[in-house]
Amino acid sequence: MRRWILAAVLAALPLPPAWAAAGAPTVADQSIAAYLQPLSGLSPAERDLFDQGRTLFDRPWVMAPKAGRLHDPATLVGLGPVYNDISCLGCHVRNGGGGAPDGPGIAMHGMLVRLSLPGPGPHGGPLPLPAYGDQLNDHAVPGVTAEGQARLSYIVRTVVLAGGQRAGLRVPHLKVSDLGFGPLGAKALFSPRIAQPVYGGGLLEAIPAQAVADYAARQRAQGGPVRGRVNQVWDIALGRTVPGRFGWKANQPSLAQQAAGAANGDMGLTSPLFPDKNCRAAQTACLGARRGPQPDLTAARLQALTTYLRGLAVPARRGAQAPAVLRGERLFGALGCAECHRPTWKTGKTAALAALAGQTIHPYSDLLLHDMGPGLADGRPDFQASGRDWRTPPLWGLGLARRVNAAAGFLHDGRARSPLEAVLWHGGEAGAAQAAFIALPKGDRDDVLAFLNSL
């Protein structure tokens, strides 16, 4: 009991500036629940919406009951007909990232496969496959055929670092089988993706778009290898092209569209933004499956879910003043890593939630697309992102990833099992920084990793 009381008291104390990863709303929780905490400063009305959104995010969804059959009003109805998981939390474990299967034959969990054909689709986005759409759904409700199954296997490539240290890098190979609606076709493009962490999204959304664009222009003006770009994507609600900042390729413009798109693609849920079930013309059983009242995510539910994602806090840093961490932070900058993983931003004077406005935050991302080289390329364009481009993922909370989810992976497809492996996969615009990291004495490399673990 005394331990819990002490933890509560410490959590309420102001954090030292070096620890406050997300400004005033930063939380001190370092437990397995570190990514689950709400921002401090939410109004009662915002907290009520946040709690409603948590229910929508956490609880499993079920298929629509037969006509006339009563169901508990608290039950979330609308799953499928085809889907990848039955809840948001199923992939975003405790609001953290997913992971890749650890060996051949193991089913994907917290992971999915994007699909498309070469060439632009609607509004310049990916061109979906006629029989499968833009995502492989490996589950279906009774009476409906799942689209197919995907499995990953690996070949391990050894990298030798300065001083003789060796690291094994998993090179993934994807196999798709049990296809329900015919071959995908020789031109089909594939991209395995793990679920991204969802905490801190409201703060990232509150960074002014002009500030991000200005930073991209500054990178290009410097004339160096780092040339970040803003993806330009379709905003459904606005009906026009706008800057993107969410998703592995910055292909979503807002948390609302990100949430609605994932709900539709991953669980088959309809919403005002995505009013149709994720069935294709060839999937007749899917098209004829039972529907509950539409949309599954009403405007009010989508607002609550978006408020939940906006209101999730970021955990504080740990050991930020330790000598090894401070040395690692200096090396991180000297290597050029901070050029893309920009440490500090200021949120706008106004924001969707008042607690998000005017905060100095440290996400360690520029929210821009960067060419990461052939080693990480998926070959699948997404709006203005090429098959080699990836958005710089925020690093805040990184050191708690495996504490929150022991199976959490790193990079877009989870191939990296540690921050070290993730660094070693960097290429393209980050190639010089990666080579310089490899050339460091082992003690210096350990300091950089200690810094990353403190975030």
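Any read-out appearing in this document is the output of simple, stated calculations on the displayed coordinates, not a laboratory observation. Since the structure is predicted, the reported quantities are computational estimates derived from the model, not experimental observations. Cβ atoms come from the backbone with ideal geometry, glycine included; neighbour counts cover every protein chain shown.
Quick look at the numbers
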{"quantity": "Cα-based Rg and Dmax for region 39-132, where Dmax is the largest Cα-Cα distance (Å)", "calculated": "18.1, 49"}
{"quantity": "Overall Cα dimensions of region 80-150, principal axis frame, Å, largest first", "calculated": "34, 31, 25"}
{"quantity": "Long-range HN-HN contacts of ALA416 with modeled amide H, under 5 Å", "calculated": "PHE410"}
{"quantity": "Normalised per residue, the volume of the convex hull around the Cα set of the chain (Å³)", "calculated": "154"}
{"quantity": "Over the chain: helical MRE at 222 nm, DSSP H runs n ≥ 4 each giving -39500 (n - 2.57), nearest 500", "calculated": "-8000 deg cm²/dmol"}
{"quantity": "Full-stretch length increase - ALA18, THR298 - with 0.36 nm per residue and alpha-carbon distance subtracted", "calculated": "96.7 nm"}
{"quantity": "Contour excess over end-to-end distance, with Cα ends at VAL159 and ALA432 and 0.36 nm allotted per residue", "calculated": "96.7 nm"}
{"quantity": "Global geometry of region 214-332, whether rounded, prolate or oblate, following the gyration tensor of its Cα atoms and the 1.5 cut on a/c", "calculated": "prolate"}
{"quantity": "Flagged links, alpha-carbon separation over 25 Å, of LYS175/LYS249; LYS66/LYS277; LYS346/LYS442", "calculated": "LYS346/LYS442"}
{"quantity": "Spatial separation of Cα centroids for region 219-247 and region 333-350, in angstrom", "calculated": "16"}
{"quantity": "Tensor-based shape of region 150-268 (alpha-carbon gyration tensor, a/c under 1.5 rounded, otherwise prolate or oblate)", "calculated": "oblate"}
{"quantity": "No Cys partner within the rule (Cβ under 4.7 Å), the chain", "calculated": "CYS88, CYS91, CYS337, CYS340"}
